[in-house]
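The values are calculated or read from the model by the stated rules, or taken from the named source; none is laboratory data. Just so we're clear, the structure is a prediction, and the values are computed from it rather than from any experiment. Methodologically, a virtual Cβ is constructed for each residue, glycine included, from the backbone with ideal geometry; neighbour enumeration extends over all protein chains shown.
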Amino acid sequence: MKLKDKIAIVTGAGGGIGRAAALLFAREGASIAVVDVKDETARETASLIKEAGGRVTALVADVSSSDDVKRMIEATVATLGVPTVLFNNAGLSPSFPKPALVNITEESFDRIIAVNLRGVWLGMKHAIPHMIKAGGGSIVNTASIAALVACNSAEYAASKAGVLALTRVAAQEYGPFNIRVNAICPGATATPMARRFAAANPAGSAASDPKRLERMGVLGRFAVPDEMAKAALFLASDDASYATGATFVIDGGWTIMALEGGAHYTPEP
Ligand SMILES: NC(=O)c1ccc[n+]([C@@H]2O[C@H](COP(=O)([O-])OP(=O)(O)OC[C@H]3O[C@@H](n4cnc5c(N)ncnc54)[C@H](O)[C@@H]3O)[C@@H](O)[C@H]2O)c1
């Protein structure tokens, strides 16, 4: 078991990638604090873990709120023990179809940055002092391929690029305390977020057609949440003991493609 006797916090664990990661981390021996802004879905994930024999607590927190994040850490310490694994996964996508940069509202810009970027910083801010006392830890932050290429709205892309910058600085500052900090950049993953994205884009556009979206990567399909969970598990576990400050792009080859359709040209061997 890769996380035997560890205590792990997974944010955004009420659905999608976060739920898959919470279940996988639990199967790998960790006690899990399932955190989500939605009480009901957090409890659902916690029930699934409990039914499978895992040790778990469900916590409601909005990761953009410092008070909430502080409470999330304190409640984890009180109920499970000191967390030495943190998967900062909670994230918010902008309303779809995505507006052009000049049409983004200030409200939307601030909210996306607050959840996706400030939330990741707050998680680290409040967890790291505990990890230092415990002698080390491992943090995985969720960015996106939108941090690397222009494929989503400006405020979402900026929030995710910020996550990569936070990850590098945190890794540099806390490496000496045996805390590793890495980021994953998921590509299109079949979660409620991805379904909302495809459903809301203008009919006829590449982004409205799940089949066309799938073909944009060289593997020709969306990821399933478990594939992202496994990448997070690798980075969270001692298997990645020499990885820190790294960006793990796991996108079925989306970002290696220069042009849509290029994936379908297969040269003769
Ligand atoms: N699905 C994709 O294709 C994709 C691609 C790249 C990156 N990502 C990123 O992966 C992460 C997970 O995405 P997903 O696809 O599983 O999304 P999702 O919408 O399916 O799940 C996100 C979860 O986070 C929770 N959440 C939202 N705001 C929150 C807040 N303020 N505080 C606490 N919890 C909150 C939601 O309730 C939900 O349970 C996000 O950071 C997202 O930006 C997803």
Checklist line | Hits in segment 41-88 (condition: under 19 Å from ALA229 (Cα atoms) and either out of contact with any strand residue (DSSP E or B) (no Cβ under 7 Å at 6 or more places or on another chain) or of a type in the set (Asp, Glu) (or both)) | finding: THR41, GLU44, SER47, LEU48, ALA52
Next item on the list: Take segment 96-107 and flag every residue that is in contact with a Ser or Thr (Cβ under 7 Å, 6 or more places away or on another chain) and modelled with pLDDT under 90.
Entry: LYS98, PRO99
Note to self: Here's a check for you: in segment 9-57, which residue that is charged (D, E, K, R) and free of Cβ contacts under 8 Å to residues at least 24 places away in the same chain is surrounded by the fewest Cβ atoms within 10 Å (Cβ to Cβ)?
What the structure shows: GLU51
Note to self: Looking at GLY162, GLY187, GLY175, can you tell me which residue is at pLDDT below 95 and among the small types (Gly, Ala, Ser)?
What the structure shows: GLY187
Checklist line | Lone qualifier among ALA42, ALA75 - being at negative phi, within 19 Å of the chain's Cα centre (by Cα) and either modelled with pLDDT of 95 or more or within 10 Å of the ligand (Cβ to nearest atom) (or both) | finding: ALA42
Notebook entry, point to check: Restricting attention to segment 230-245, does a residue exist that is at pLDDT 95 or above, in contact with a Pro (Cβ under 9 Å, 6 or more places away or on another chain) and in a helix (DSSP H, G or I)?
Noted result: yes
Next item on the list: State all residues of segment 49-72 that are in a helix (DSSP H, G or I) and either at pLDDT below 95 or within 13 Å of the ligand (Cβ to nearest atom) (or both); if no residue qualifies, say none.
Entry: SER66, ASP67, ASP68, VAL69, ARG71, MET72
Next item on the list: Identify all residues within segment 89-131 that are within 20 Å of the chain's Cα centre (by Cα) and assigned to a loop (DSSP other than H, G, I, E, B); write none if there are none.
Entry: ASN89, ALA90, GLY91, LEU92, SER93, PRO94, SER95, PHE96
Check: Can you tell me which of LYS50, LYS98, LYS38 is among the basic types (Lys, Arg) and closer than 20 Å to ALA143 by Cβ?
Finding: LYS98
Notebook entry, point to check: Does segment 3-33 hold any residues that are in a loop (DSSP other than H, G, I, E, B), under 13 Å from VAL140 (Cβ atoms) and more than 10 Å from the ligand (Cβ to nearest atom), and which are they?
Noted result: LEU3, LYS6, ALA30
Check: List, please: which pairs have Cβ atoms under 7 Å, are six or more places apart or on different chains, and start with a residue in segment 167-178 that is on the phi < 0 side of the Ramachandran plot and end with one that is in a helix (DSSP H, G or I) and surrounded by 13 or more Cβ atoms within 10 Å (Cβ to Cβ)?
Finding: ALA170/MET124; TYR174/ILE128; PHE177/ILE132
Next item on the list: May I ask you to list the residues in segment 178-194 that are crowded, with 23+ Cβ neighbours inside 10 Å and assigned to a strand (DSSP E or B)?
Entry: ILE179, ARG180, VAL181, ASN182, ALA183, ILE184, CYS185, PRO186
Note to self: I'd like the full set of residues that are surrounded by fewer than 20 Cβ atoms within 10 Å (Cβ to Cβ) and of a type outside the set (Asp, Glu), limited to segment 58-91.
What the structure shows: VAL60, SER65, SER66, LYS70, ARG71, ALA75, VAL77, ALA78, THR79, LEU80, GLY81, VAL82
